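The values are calculated or read from the model by the stated rules, or taken from the named source; none is laboratory data. Since we're looking at a predicted model, the values are computed, not measured. With ideal geometry, Cβ positions are generated from the backbone for all residues, glycine too; neighbour counts draw on all protein chains shown.
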Amino acid sequence: MKWLALIAVIATGSLLIYAVSDFPDWGSASSPANGGVEGAGRSVSQTFIEETDTLTHVPNIVTAVLADYRGYDTMFETVVILAAGMAIFAILRVLRDTEKPVDQSKHDPSIDGDHQRIIIGTTCRLLIPVIQLFALYVVAHGHHSPGGGFQGGVILGASFILLGLATDLETAIARFSEKQFIGLACVGIFIYAGFGVLGQFYGRGFLDYGALQPIFMTDGEPMARSHAMLGVEVGVAFTVTAIMFAIYANLASKGELKNGL
Amino acid sequence: MREFIENFVQPHFNYWAYVIIMMIGLWALIAKRNLIKKLIGMSIFQTAIILFYVSLGVKDGATIPIAPHHVAGDHADAHDSEHAESHDDHKAHPKPVADDYSNPLPHVLMLTAIVVGVATLGVALAVSQSLFKDFGTLEEDEILEQIKSGDYYD
Amino acid sequence: MIEHFNIIILVLMIITAIISLQVKDLLSASMIFGIYSFLICLLWAEMGAVDVAFTEAAVGAGVSAVFLIATVYNTKRRSSD
Amino acid sequence: MIDQFPVIIVLSPMFGALLVGLFGARNHSVCFPVAIGALTISLIGAVVTAKRVFTTGPVDYFLGGWDAGKIVEGVEIPLGFGIQLRVDHLNALLLVVIAIAVLLVSIFAIRRQSEQDTEKTHYFYALFLMLSTGLFGMTITADAFNLFVLVEVSSLTSYGLIAMGSSPRGTHAAFNYVIMGTVGASFYLLGVGYLYMKTGTLNMIAIHDILHMNNEVGNAIFDSRSITVAFILILIGMWIKMAFFPLHGWLPNAYSYCPSSTSCVLAPLMTKVSVYVMIRMMVTVFGLDWVFQHFDWSNVVVWLAVIAILAGSAFALAQNQLKKMLCYLIVAEVGYMVGGAWVADSGRWGLTGSLYHILADALMTLCLFLTAGILTRRAGVKNLTDLDGMFKKMPLTMTGFIVGALGMIGVPPTCGFFSKFYLIRGGIDSGHWEFVVALLISSLVNAVLFFRIFEIAFFGKKPAEGHGHHHDEDDTAADAIVPTEPGLRSLAPLWITAALIVALGLMNGSVVEFIRQTPGLILESPVKAN
């Protein structure tokens, strides 16, 4: 196996190195990816940078590209997350009740120590709301600063993971149950795709947020796009939050969703 | 040697580094026997590709791709301002200049790739836990031995 | 200056990648992988890809490391290689 | 309404999956009607769109209203700004075949899955529908990066489907599949990155235009090393995904140890869609003149394909288990398609045959795997010897099996014959005699394999059959189930598939004529040569 690996690595490596000398210089603004190919007009990325303000009124170009111009990609990226969550449930989840005795040693106060519970518990009690608030800020403020649905969703999911790690999985599950997170994950994509389908009802294309202008009652389509993007990001955040926590809960408890880490 | 480094390695150092990191990941993916190690290798392999993409979008002297509203155009270079003017007649404010902001497209693509990567890692870890339940080990060679010994004909 | 920063991080990344693959203790390997992700996050912030850096900080250094640790906790901590 | 169909094909199963996810856990009886409904809508969409392509030519659909050339807020939108879907002669029929196959498998799967692992039925359906979404999306998209995302949708769901409810060996195979699949997708992603680096766009048609553009710089991009490396990386990535011979290691175990309803959908579709992606890359992105005249690895790849065909056939001949044998046949069939795509005859008959074979092989493999699923389920068949006298016990099932088997061998009224005919024609035209010989040998091997099965199933096994000792050990399991004919839900998909195999064979002339209208496929079409 080692020899096979060595051959594969050397072959792939030399193939990649072979092309490196042909690469545009690092940091060059006129490379085809950045500045477009000579004679082919403005490159796509130049158009993104120059026209995003006109088209969507969103300062963060990455958000505009992510949620609008390439929104179809992002929708399926969210589907990938849902698929991963579903796959993990399908693989690991133990649904037949196997009455196993609860391992008491883990919850033995003499080992765990009451003082530790107090320190960690208090810290988390203070920290988790702040983390969640920050996550919501990241989702909502994705138009103007780095951030958006994915980042906010992961942080929000991480706050539940922290709760599960600091106390135990049952405490976290009690706040965010299995039914809730599967439902929330599906609802997230429903929100996303719903914004797309609404555009179709107005006789325009799928994910054409400009068509939603009558709903948002904005002056002009760019603002409608901006609002729709926020809605879409919220949908992404729902799915990502739910699935990140779902994956953790399954991995930590071997699919039993109790007696976790 | 010095000339080689100056001409080939320095302007492309990121690309060389990406090849090296990618090869480390690929090697781990194939040669490591422990499944968790394989998965760490897989993640490293994927980050190498992300490194490649992000390196494509870098522009010297450019800032992050967030263009504030109504950006002032007084710092635009000569060739850029004529570029901007050609599209900009009915707008009150000049458009952002492309060379001032790093390329947003690779960033968007890599956001997708990172999230896909973590999804794959999660599924792979679930499969390896399920394997541990069946075989009691995470070493590839021990698993293969158990399969060969015929305990798992089906 | 910024280019030196770039090169230093890349070299550190290669080192952490090798260490995390060579350590026999899987828990350490997961932690070092978290460090690797954090370094790459720094690198991206330096390259102007703030959104990617943000995602990598949350996903790579945070959640993936937790997933790996959860699996290591439920399986075996020692590895043969 | 009609112009929304391209996207509805992809969205309908996705919404189905969401509905199953929302309501399936409480009430499993929701899953089946939702799946059937969603996939029926997709099938209607695929048929309508294919008809539109037939009458008016390629259909483009731009997501988000970012149509190329449209003026939005005073800005002209360039090609590649948003994501484009494209249905043309290359993928219209494949969409229909995928839609038919997933619909039939979802009908077939209803009882299989619910009886095996009742609590997880809704996960199965959700994953199954998302897999369909991924397959449709991969086929329909005209954006190189979007293709990667959809490859991942279909891969992740198939990892889950293979690993759920599998035996320990199946789980191990699933792990290997995860590793190989990720490497394949990553190589593809890297190849797209190289293309993006050189062309600055991700839209397949825009990449082709820039690649073939003649400007004052000459054709620096056309000749550049990066484009060559990009093509090699994409090729390797897709070869891993389609299990082309030296990279096939993950396939046989993954497909033979997973539940039958899973193998029924994965075996016919995943590899074929990957082959389609390879051909799409060759025809639409790089252009055939680049691939055959500039890159010109035709001989190497055809030889690899020859090795793949021979190795696949040889492995299939050595197998004792029914499903494993079928899996190795898939490896051989992938060799057919790759070889056909690369023979580079001037009339493009090899490529046409390869595209036709994608459709034909999807149906034939579906037919065989459906039979294998029914036989495993109803008669506990695992090894070939278990088929003893099966024609008497389950004549209705075995009739469907015969059609699929005859198609694999290449007997005239079935589509298998015609695809081989076109492939061989391409091989002869281009002078790749080794490919022709490999095809004939493989057909002969298929004939031997299937007539061996027919013999066992018709007349019972001979006592001198070499695998007798194996049989004794497994006898207990096989005898526990008394073989009975399955219900209509299992038989109807099988027979429909069998009928389609014959129908596709009879319609081969018009199908091939349709496929050959693909822009850029035939050299006479206006593709700028260097």
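How many of the residues making up the stretch C:54-73 are facing chain B (nearest Cβ under 7 Å) and either acidic (Asp, Glu) or surrounded by fewer than 19 Cβ atoms within 10 Å (Cβ to Cβ) (or both)?
Here the count works out to 1.
Which of the numbered conditions does A:Ala87 fail, given that it passes all the others? Conditions: (1) in contact (Cβ under 8 Å) with a residue 40 or more places away in the chain; (2) facing chain D (nearest Cβ under 7 Å); (3) touching a Phe, Trp or Tyr at 6+ places or on another chain (Cβ under 8 Å).
(1)
If only one of B:His75, B:His70 is more than 7 Å from every other protein chain (Cβ to nearest Cβ) and modelled with pLDDT of 50 or more, which one is it?
From the options B:His75, B:His70, the qualifying one is B:His70.
Conditions tested, residue by residue: (1) assigned to a loop (DSSP other than H, G, I, E, B); (2) at negative phi; (3) modelled with pLDDT under 85; (4) out of contact with any Phe, Trp or Tyr (no Cβ under 8 Å at 6 or more places or on another chain).
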position	(1), (2), (3), (4)
D:Phe450	no, yes, no, yes
D:Pro463	yes, yes, yes, yes
D:His469	no, yes, yes, yes
D:Ile496	no, yes, no, yes
D:Pro519	yes, yes, yes, yes
D:Asn530	yes, yes, yes, no
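With (1) closer than 23 Å to D:Gln84 by Cβ; (2) more than 12 Å from every other protein chain (Cβ to nearest Cβ) as the list, and A:Thr218 as the residue in question, which single condition is left unmet?
Condition (1) is where A:Thr218 drops out.
Any residue that is without any contact (Cβ under 8 Å) to a residue 60 or more places away in the chain, within 22 Å of D:Ile9 (Cα to Cα) and away from chain D (no Cβ under 11 Å) - is there at least one of those in the stretch A:202-211?
Residues of the stretch A:202-211 without any contact (Cβ under 8 Å) to a residue 60 or more places away in the chain: A:202-205, A:208, A:210-211.
Of the ones still in play, those that are also within 22 Å of D:Ile9 (Cα to Cα) are A:202-205, A:208, A:211.
From the residues that got through so far, the ones that are away from chain D (no Cβ under 11 Å) too are none.
Scanning the stretch A:202-211 turns up no residue that is without any contact (Cβ under 8 Å) to a residue 60 or more places away in the chain, within 22 Å of D:Ile9 (Cα to Cα) and away from chain D (no Cβ under 11 Å).
Name the residue that is farthest from the chain's Cα centre (by Cα), counting only residues in the stretch A:233-261 that are hydrophobic (A, V, I, L, M, F, W, C) and away from every other protein chain (no Cβ under 11 Å). Break it down stepwise before answering.
If we filter the stretch A:233-261 for residues that are hydrophobic (A, V, I, L, M, F, W, C), which is where we start, we get A:234, A:236-238, A:240, A:242-247, A:249, A:251-252, A:257, A:261.
Going one step further and asking which of them are away from every other protein chain (no Cβ under 11 Å), we end up with A:234, A:237-238, A:257.
Numbers: A:Val234: 10, A:Ala237: 6, A:Phe238: 9, A:Leu257: 22 Å.
Step by step, filter the stretch A:233-261, then rank; the result is A:Leu257.
Does A:Ser226 satisfy being in a helix (DSSP H, G or I), within 29 Å of D:Gly16 (Cα to Cα) and polar (S, T, N, Q)?
On the way: in a helix (DSSP H, G or I): yes; within 29 Å of D:Gly16 (Cα to Cα): yes; polar (S, T, N, Q): yes.
Answer is yes for this residue.
Residue by residue, here is whether (1) at pLDDT 90 or above; (2) more than 30 Å from D:Trp297 (Cα to Cα); (3) buried (at least 23 other Cβ atoms within 10 Å of the Cβ) holds:
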{"position": "D:Met337", "(1), (2), (3)": "yes, no, yes"}
{"position": "D:Asp345", "(1), (2), (3)": "no, no, no"}
{"position": "D:Trp349", "(1), (2), (3)": "no, no, yes"}
{"position": "D:Asn383", "(1), (2), (3)": "no, yes, no"}
{"position": "D:Asp388", "(1), (2), (3)": "no, yes, no"}
{"position": "D:Val411", "(1), (2), (3)": "no, yes, no"}
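Based on this model, can you work out whether A:Phe89 counts as part of a helix (DSSP H, G or I) and either modelled with pLDDT under 85 or under 29 Å from C:Cys41 (Cβ atoms) (or both)?
No.
Tell me, which residue of the stretch D:45-94 that is in contact with a Lys or Arg (Cβ under 9 Å, 6 or more places away or on another chain), assigned to a helix (DSSP H, G or I) and within 14 Å of another protein chain (Cβ to nearest Cβ) is modelled with the highest pLDDT?
D:Leu63
Applying the selection to the stretch A:149-183, what residues are buried (at least 24 other Cβ atoms within 10 Å of the Cβ) and either more than 13 Å from A:Thr241 (Cβ to Cβ) or among the acidic types (Asp, Glu) (or both)?
A:Gly164
For the structure I just gave you, tell me whether A:Tyr192 is more than 15 Å from the chain's Cα centre (by Cα) and more than 14 Å from chain C (Cβ to nearest Cβ). Outline the logic, then answer.
Working: more than 15 Å from the chain's Cα centre (by Cα): no; more than 14 Å from chain C (Cβ to nearest Cβ): yes.
So A:Tyr192 fails the test.
Can you report the number of residues in the stretch A:140-170 which are farther than 19 Å from A:Gly188 by Cα and either within 11 Å of chain C (Cβ to nearest Cβ) or among the charged types (D, E, K, R) (or both)?
The number of residues fulfilling the criteria is 9.
Of all helices (runs of 4 or more DSSP H) completely enclosed by the stretch A:10-83, which ones contain at least 3 residues that are surrounded by fewer than 19 Cβ atoms within 10 Å (Cβ to Cβ), touching a Cys at 6+ places or on another chain (Cβ under 8 Å) and more than 8 Å from chain D (Cβ to nearest Cβ)?
Result: empty, no element qualifies.
Identify, by number, the condition in (1) modelled with pLDDT of 90 or more; (2) farther than 30 Å from D:Ile179 by Cβ that B:Ala124 doesn't meet.
The failed condition is (2).
Given the criteria within 9 Å of chain A (Cβ to nearest Cβ), surrounded by fewer than 24 Cβ atoms within 10 Å (Cβ to Cβ), at pLDDT below 85 and over 25 Å from A:Ala84 (Cα atoms), does D:Asn219 qualify?
Answer is no for this residue.
Could you say whether any residue in the stretch B:35-57 is touching a Pro at 6+ places or on another chain (Cβ under 9 Å) and not in a helix (DSSP H, G or I)?
Among the residues of the stretch B:35-57, at least one is touching a Pro at 6+ places or on another chain (Cβ under 9 Å) and not in a helix (DSSP H, G or I), which makes the answer yes.
Which condition number in (1) surrounded by fewer than 24 Cβ atoms within 10 Å (Cβ to Cβ); (2) more than 11 Å from chain A (Cβ to nearest Cβ) is the one that D:Met242 fails?
Against the list (1) surrounded by fewer than 24 Cβ atoms within 10 Å (Cβ to Cβ); (2) more than 11 Å from chain A (Cβ to nearest Cβ), D:Met242 comes up short only on (1).
Among the residues of the stretch C:10-35, which ones are within 7 Å of chain B (Cβ to nearest Cβ) and within 26 Å of B:Leu109 (Cβ to Cβ)?
Hits for the stretch C:10-35 are C:Leu10, C:Met13, C:Ile14, C:Ala17, C:Ser20, C:Phe33.
Mind listing whichever residues of the stretch D:74-93 are under 19 Å from A:Arg42 (Cβ atoms) and of a type in the set (Asp, Glu)?
Answer for the stretch D:74-93, where residues must be under 19 Å from A:Arg42 (Cβ atoms) and of a type in the set (Asp, Glu): just D:Glu76.
Wholly within the stretch D:302-418, which helices (runs of 4 or more DSSP H) include no fewer than the required count, namely at least 3 residues that are over 26 Å from D:Pro246 (Cβ atoms)?
D:349-379, D:390-393, D:395-409
Anything in the stretch B:91-133 that is in contact (Cβ under 8 Å) with a residue 40 or more places away in the chain, part of a loop (DSSP other than H, G, I, E, B) and facing chain A (nearest Cβ under 7 Å)? List them, or say none.
B:Asn103
Please work out which one of (1) of a type in the set (A, V, I, L, M); (2) in contact with a helix residue (DSSP H, G or I) (Cβ under 7 Å, 6 or more places away or on another chain); (3) surrounded by 18 or more Cβ atoms within 10 Å (Cβ to Cβ) is the condition C:Ile19 fails and give its number.
In the conditions (1) of a type in the set (A, V, I, L, M); (2) in contact with a helix residue (DSSP H, G or I) (Cβ under 7 Å, 6 or more places away or on another chain); (3) surrounded by 18 or more Cβ atoms within 10 Å (Cβ to Cβ), C:Ile19 misses (3) alone.
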